[in-house]
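Comments concern the structure below.
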Ligand SMILES: Cc1cc2nc3c(=O)[nH]c(=O)nc-3n(C[C@H](O)[C@H](O)[C@H](O)COP(=O)(O)OP(=O)(O)OC[C@H]3O[C@@H](n4cnc5c(N)ncnc54)[C@H](O)[C@@H]3O)c2cc1C
Ligand code: SF4
């Protein structure tokens, strides 16, 4: 085809679902009303950890208007998002693990009746020891919250070594050690989870749900209810925000699905805000320790990271989250030797899981603050330090992540220029400060949740004689604009307008599989699949048109709803005629495209978490003011530059950047998923402190600063039209940049989030008393780490496998089983140290 | 979603009719419903009957204290013409009324004596809630506590508390009384302005200083009888006074106060304080007037030193508890700073930048 400049791609456009949304016509799950529909409410545990001795639902069942009461006995089969953590039951069988764990369900004519009936269910509990924080779970191995996991109440514990960090520390001019804490937070989508289940006229199950992952829900429902998967249809309704909080299969979905099948009536559930806090799957609270060796010029010789994750009561994505706290440190800066140790424990709180940035914001926070400290000790400007150590493009990192293009240096240059960094950093009056931090993120997880070799995303196109095109894809619109990306890619290739295309998405009966809206994978994977499908359609049309107008196929241009001769634009046909010509020549026109990520270079156990087709990069500068007498903190401005590869629709990209800054400031300054224990002599209670939108503090529009966004566009050949992700990456640098700015403003280090006035004032008090001017955790507990898997980095002759892995046969969710290349029986082996790569 | 329990609803057109309905018991008043309805969804209050005030025209006006108006207050309080505000006036209406910003005549070009009330009303909740919420409802607002403002299931998990359905006060387990927090923004401002209120019931009407409407008990926080309707708020004429309100909350909208500082001062020509009132909100179960703080100012010019003395004295009686946002130690500690901000603003300092950072919005300045 003749080259043309882009017509749709790269142009700021109103998103394709924009009109429906602003006019209130988008149908969210709770907007669905079906004839004969009944309503479900869940009775939730009032104890944090207990054995369920007896449930008597007879009074509830007798309540007028109640159709059905279900308990754990109705749901014997467990499920869970990861194959290695099938630890959830839709309703508790014999154990409740946190306040809010569902124990029974009432289905009644309306919500109020169901609510009233909940109070008529008598549950007898036998309380068990409660684990409120990770250190308790580390010290007490019984009672076990689950009967699986690496030991006692430890869910997952890992140790990975890439080269000899101890030698690297010995070779360093300075070694820095810091402990940080990152508080947990929740997603807080405006739309509360809602779902409707029905038995369709053929007797098959249909579930409409505000889910980010219809494909995984499809699999979980089929398993948990023992229904053939072909008889289950999951339709993802547009999500009113997800941010990772709607990526697991949820108990309420399983419950209403079964209820609808039993009653043969549609059943709806719409969770309350409190219940959304109980679904959680949000940011893990993480305690972490960073030890970094540096040369006088800032070059890093080695890094040792330890993380302790408070997992809450269930597995969820926790195994992946654990690895993610150690995966991406090497992707931003060159780190020649690396040691990562991570441990996730169970506690009696709502389960943590993936929230925007999944597992990486916590350690990014530690790493970027420590770099600020390093820069100060080395008398280097922190922006300059980062520029010196930025990882190089087309590299394989110490932990075998293959990096494509890197726009990080450009991000740093753009953001420092925009913010006039050189005349503000360390130069503002007392109480005013600026701070910088950087980050990177995946453009899609390289491996699926369950092991398979199939594509991660598929797109199907149907071309109509009218010139209209329908694009089918399993991807889910969660507000991020995935429908718009799908349509834009197809429109660009076929030379038609986005409005000519209808997107049909997120329906397991109608659309080819896309794994879901998580890990920033949709634009890259669905986009590539869409391009492939559209190019195949274009080829068919081109062939038919070429023979009709007698022009060589490769001279044809598809643009402006026409197919024409590049050398003689007047010669051509309308797009609709092109479809008719092609249909005449080939029969009905439909094409497919699919995308499978490249194979990962990491073959060691745990190497399944971190690989991605390409990585996005961001740099942020935050300005703060701090009142010295109260610690009051205000953020007037944020500058952020993001390496997007190519902005498919700049309006959407900026929206994602600003949304990320917004969410990041919430985590940096106020959000806390915290719990309250009552005096033990009086009560067993361990409750969420404030499961409400009023008292769980998240910024309002009034609290939002000016955001100055710079887009760095260096197209990456792995992305559709060169695009990378933007949904998660720009969140990451903001929290550490705030902490660094506070230090610039007032000379105290706040080594944890949220950074509140109280903590600032405590640090200022410490400073005034001549103590370390800092607020943050003082120690990292002693943990019995397992033997470290030794994986020599590429520059030490490694091939991505561990030299001492004898347990390689133990399956891990996100990894390929066939990859255990290390010879069985080979013990820990010494290997030559080659030293850091020359730069 | 959370659902309301069943209740009967009446929408009378006169105060007399409403009073009659209330005299029958098991009934509560609903004005804008922004406090009561969420509470009912959480089953904190479950009245069998609601008496709505929205159709009662006589509760909905703001007037210049004309004695012929139905919004009559005790002559001893009225002292000529100030402002009469019907209890059913919404906070949005109040904030839009130019007399509140500029003084009763509405013609003065500068900020009037009621600026503190304007600032307080302007910072209540969110625009949407102010469109519905009334001044009467704001003054009668239920006291708040993190152990109490939770839904039914959550409270069940802590076995409830003394204020509703339980026995223990979880904030202070040995406390004989509930320590829930007075969280109204307008009450401290109005008390600082010496406002009075009228209460009407089937058995008659009474007038009392607003300060006397409150008592320091988280459960029985009002001296109002359940059958009484607050019909009007009266603001005395305040020539030569200036007032301000500083609110501490985490965010620039939405949040209830965790500290409110209302100050009103009368200065003579030379700048000496002739009279002063300092009232703190959200540090007890009622608005807390600090006569020591005020006394420290009277007879002095507003020097840094005088302000520091007054701020120390005013902050001293604040007893924040661990039942709102922010740690109690910090709230206690910054009380002093907030009183200082208020007094500096009344002195005429340019506090706009500070105000923007604290309130995250522009508000009136002197
Ligand atoms: C999210 C949220 C945030 C909020 N933030 C704030 C805030 O920052 N500051 C603040 O001050 N308030 C806040 N509020 C509380 C409330 O919105 C306001 O106080 C409002 O002014 C209440 O008025 P209303 O007319 O809606 O009261 P209603 O809910 O109708 O009534 C409240 C109480 O007063 C009684 N009552 C009402 N009118 C009368 C009357 N005329 N006579 C006697 N009793 C009466 C009712 O019986 C009820 O007990 C907030 C509320 C919410 C939901
Ligand atoms: S102060 Fe005590 S009694 Fe009052 S609401 Fe709070 S916990 Fe309950």
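The values are calculated or read from the model by the stated rules, or taken from the named source; none is laboratory data. Nothing here was measured: the structure is a model prediction, and the numbers come from that model. Glycine also receives a Cβ, built like all others from the backbone with ideal geometry; neighbour counts cover every protein chain displayed.
General remarks:
- The requirement of being within 14 Å of chain A (Cβ to nearest Cβ), modelled with pLDDT of 95 or more and within 13 Å of ligand 1 (Cβ to nearest atom) is not satisfied by residue B:201.
- Verdict on residue A:241 being away from chain B (no Cβ under 14 Å), within 21 Å of residue A:732 (Cβ to Cβ), within 22 Å of the chain's Cα centre (by Cα) and surrounded by fewer than 22 Cβ atoms within 10 Å (Cβ to Cβ): yes
- Residue tally, condition closer than 30 Å to residue A:104 by Cβ and not in a loop (DSSP other than H, G, I, E, B), over the stretch A:21-42: 8
- For the stretch A:269-370, the helices (runs of 4 or more DSSP H) that sit wholly inside it and include 2 or more residues that are within 14 Å of chain B (Cβ to nearest Cβ) are A:273-279.
- Scanning the stretch B:200-223 for residues that are over 15 Å from the mean Cα position of the chain (by Cα), surrounded by 15 or more Cβ atoms within 10 Å (Cβ to Cβ) and either away from ligand 2 (no atom under 16 Å from the Cβ) or under 17 Å from residue B:27 (Cα atoms) (or both) yields B:200, B:201, B:202, B:205, B:207, B:208.
- Members of the stretch A:183-200 found to be in a strand (DSSP E or B) and surrounded by fewer than 21 Cβ atoms within 10 Å (Cβ to Cβ), listed by number: A:199
- Every condition in (1) away from ligand 1 (no atom under 13 Å from the Cβ); (2) surrounded by fewer than 24 Cβ atoms within 10 Å (Cβ to Cβ) is met by residue B:150 except one, and the failing one is (2).
- Residue ranges of strands (runs of 3 or more DSSP E) in the stretch A:61-132 with at least 2 members more than 30 Å from residue B:3 (Cα to Cα): A:122-127
- Among the residues listed as A:408, A:428, the single one being under 30 Å from the mean Cα position of the chain (by Cα), farther than 30 Å from residue A:494 by Cα and outside the structural domain of residue A:505 (by TED's automatic domain parsing): A:408
- Of all residues in the stretch A:614-639, those satisfying the criterion of being more than 14 Å from chain B (Cβ to nearest Cβ), touching a helix residue (DSSP H, G or I) at 6+ places or on another chain (Cβ under 6 Å) and farther than 11 Å from residue A:741 by Cβ are A:615, A:616, A:617, A:618, A:619, A:639.
- Condition check for residue A:557: part of a loop (DSSP other than H, G, I, E, B), at negative phi and at pLDDT 95 or above: no
- Considering residues of the stretch A:654-667 that are away from every other protein chain (no Cβ under 13 Å) and buried (at least 21 other Cβ atoms within 10 Å of the Cβ) only, the residue farthest from residue A:411 (Cα to Cα): A:667
- Residue within the stretch B:165-177 that is away from every other protein chain (no Cβ under 14 Å) and crowded, with 22+ Cβ neighbours inside 10 Å present: no
- Condition check for residue B:2: within 14 Å of chain A (Cβ to nearest Cβ), over 20 Å from the mean Cα position of the chain (by Cα) and either free of Cβ contacts under 8 Å to residues at least 60 places away in the same chain or more than 14 Å from ligand 1 (Cβ to nearest atom) (or both): no
- Failed item in (1) more than 7 Å from chain B (Cβ to nearest Cβ); (2) surrounded by fewer than 23 Cβ atoms within 10 Å (Cβ to Cβ); (3) out of contact with any strand residue (DSSP E or B) (no Cβ under 7 Å at 6 or more places or on another chain), with residue A:719 passing the rest: (2)
- Only one of the listed residues (B:164, B:156) is within 16 Å of ligand 1 (Cβ to nearest atom) and closer than 26 Å to residue A:124 by Cβ. That residue is B:164.
- Of all residues in the stretch B:300-325 being within 14 Å of another protein chain (Cβ to nearest Cβ), away from ligand 2 (no atom under 16 Å from the Cβ) and surrounded by fewer than 19 Cβ atoms within 10 Å (Cβ to Cβ), the one that is farthest from the chain's Cα centre (by Cα): B:304
- Out of B:297, B:363, one residue alone is within 13 Å of chain A (Cβ to nearest Cβ) and part of a loop (DSSP other than H, G, I, E, B). It is B:363.
- Residue ranges of helices (runs of 4 or more DSSP H) in the stretch B:125-170 with at least 1 members within 16 Å of ligand 2 (Cβ to nearest atom), over 17 Å from residue B:182 (Cα atoms) and not assigned by TED's automatic domain parsing to the domain that holds residue B:230: B:152-157
- Selection status of residue B:276, more than 14 Å from every other protein chain (Cβ to nearest Cβ), more than 16 Å from ligand 2 (Cβ to nearest atom) and assigned to a strand (DSSP E or B): yes
- Residue in the stretch B:42-53 that is part of a helix (DSSP H, G or I) and either within 9 Å of ligand 1 (Cβ to nearest atom) or in contact with a strand residue (DSSP E or B) (Cβ under 8 Å, 6 or more places away or on another chain) (or both) present: no
- Residues satisfying the stated conditions in the stretch A:668-691, i.e. under 23 Å from the mean Cα position of the chain (by Cα) and surrounded by fewer than 23 Cβ atoms within 10 Å (Cβ to Cβ): A:670, A:672, A:674
- Screening residue A:590 with (1) within 14 Å of chain B (Cβ to nearest Cβ); (2) closer than 30 Å to residue A:544 by Cβ gives one miss only, at (1).
- Among (1) surrounded by fewer than 24 Cβ atoms within 10 Å (Cβ to Cβ); (2) more than 11 Å from chain A (Cβ to nearest Cβ); (3) in contact (Cβ under 8 Å) with a residue 60 or more places away in the chain, the one test that residue B:186 misses: (1)
- Set B:193, B:235: member being outside the structural domain of residue B:24 (by TED's automatic domain parsing), away from ligand 1 (no atom under 15 Å from the Cβ), closer than 20 Å to residue B:59 by Cα and surrounded by 24 or more Cβ atoms within 10 Å (Cβ to Cβ): B:235
- Selection from the stretch A:688-707 of residues that are more than 8 Å from every other protein chain (Cβ to nearest Cβ), more than 15 Å from ligand 1 (Cβ to nearest atom) and part of a loop (DSSP other than H, G, I, E, B): A:704, A:705
Condition check ((1) assigned to a loop (DSSP other than H, G, I, E, B); (2) in contact with a strand residue (DSSP E or B) (Cβ under 8 Å, 6 or more places away or on another chain); (3) near ligand 1 (Cβ under 9 Å from one of its atoms)) across all residues:
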residue	(1), (2), (3)
B:205	no, yes, no
B:212	no, no, no
B:218	yes, yes, no
B:231	no, yes, yes
B:242	no, yes, no
B:261	no, yes, no
